[in-house]
1. Does the stretch 15-23 contain any residue that is free of Cβ contacts under 8 Å to residues at least 40 places away in the same chain, touching a strand residue (DSSP E or B) at 6+ places or on another chain (Cβ under 6 Å) and of a type outside the set (Val, Ile, Thr)?
2. Using beta carbons and a limit of 7 Å, which pairs, at least six apart or on different chains, have the first residue in the stretch 89-100 and closer than 12 Å to Ile42 by Cα and the second one assigned to a helix (DSSP H, G or I) and among the aromatic types (Phe, Trp, Tyr)?
3. It is to be established whether one or more residues within the stretch 126-140 are touching a Ser or Thr at 6+ places or on another chain (Cβ under 6 Å) and of a type in the set (Lys, Arg).
4. Output the residue which, of all residues in the stretch 86-108 that are touching a Ser or Thr at 6+ places or on another chain (Cβ under 9 Å) and not in a helix (DSSP H, G or I), is modelled with the highest pLDDT.
5. Restricting the search to the stretch 1-13, which residues are over 12 Å from the mean Cα position of the chain (by Cα) and either crowded, with 18+ Cβ neighbours inside 10 Å or closer than 18 Å to Ala61 by Cα (or both)?
6. Out of the residues in the stretch 25-34 that are more than 10 Å from Met107 (Cα to Cα) and either surrounded by fewer than 17 Cβ atoms within 10 Å (Cβ to Cβ) or under 12 Å from the mean Cα position of the chain (by Cα) (or both), state the one that is modelled with the highest pLDDT.
7. Determine whether Val38 is surrounded by 13 or more Cβ atoms within 10 Å (Cβ to Cβ) and free of Cβ contacts under 8 Å to residues at least 40 places away in the same chain.
8. Could you check the stretch 109-142 and list, in sequence order, the residues that are surrounded by 14 or more Cβ atoms within 10 Å (Cβ to Cβ), modelled with pLDDT under 95 and either in a helix (DSSP H, G or I) or basic (Lys, Arg) (or both)?
Amino acid sequence: MKFPKILVPLSGDGAGADKEAIELACWLAKEVKGKIYVVYAIQVKRSLPLDAELEPETEMAEKILSDAEEVAQARDCAVETDLLQTREIGPAIIDEAMERGVDLILMGTGYRKRFGQFDLGEVVRYVLRNAPCRVLLLRQPLVTDEKQ
């Protein structure tokens, strides 16, 4: 399979999922000289205007996107980054995918538990249900006491 346009939404979780997703996207894109779009979405509370100045969140988002560019550059790969401000992250990812006509959404996620069970989280579930293209989910391994 070939994926000339890949969207990589970042979570900013710091567990390495974002870095590995960028590296995998670079590897896939090099096969076909494809384009990689990297996005990070800031969720804006409904009590604020959508274009509100969210300085701490914006600084953190710019750092996350800058780190993604460095990972891609180390792989000799160019990425186009974008910072989104949105009410809901899942629909924003789907809108970006449709607007850019991507062939693949590649998402990295950590291993999270909720109520004692593995949980994908609301954003991943939304993307899996509504994506107009293929979705590749790169889940981090389960961390046990032995690995720590």
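1. No - not one qualifying residue is present in the stretch 15-23.
2. Every condition considered, the pairs that remain are Gly90/Tyr126.
3. yes
4. Filtering the stretch 86-108 for residues that are touching a Ser or Thr at 6+ places or on another chain (Cβ under 9 Å) and not in a helix (DSSP H, G or I), the one modelled with the highest pLDDT comes out as Met107.
5. Hit for the stretch 1-13 is Phe3, nothing else.
6. So, considering only residues that are more than 10 Å from Met107 (Cα to Cα) and either surrounded by fewer than 17 Cβ atoms within 10 Å (Cβ to Cβ) or under 12 Å from the mean Cα position of the chain (by Cα) (or both), the one modelled with the highest pLDDT is Trp27.
7. no
8. Of everything in the stretch 109-142, those that are surrounded by 14 or more Cβ atoms within 10 Å (Cβ to Cβ), modelled with pLDDT under 95 and either in a helix (DSSP H, G or I) or basic (Lys, Arg) (or both) turn out to be Arg112, Val123, Val124, Arg139.
The values are calculated or read from the model by the stated rules, or taken from the named source; none is laboratory data. Just so we're clear, the structure is a prediction, and the values are computed from it rather than from any experiment. Neighbour counts are summed over all protein chains in view; Cβ atoms, including those assigned to glycine, are modelled from backbone coordinates with ideal geometry.
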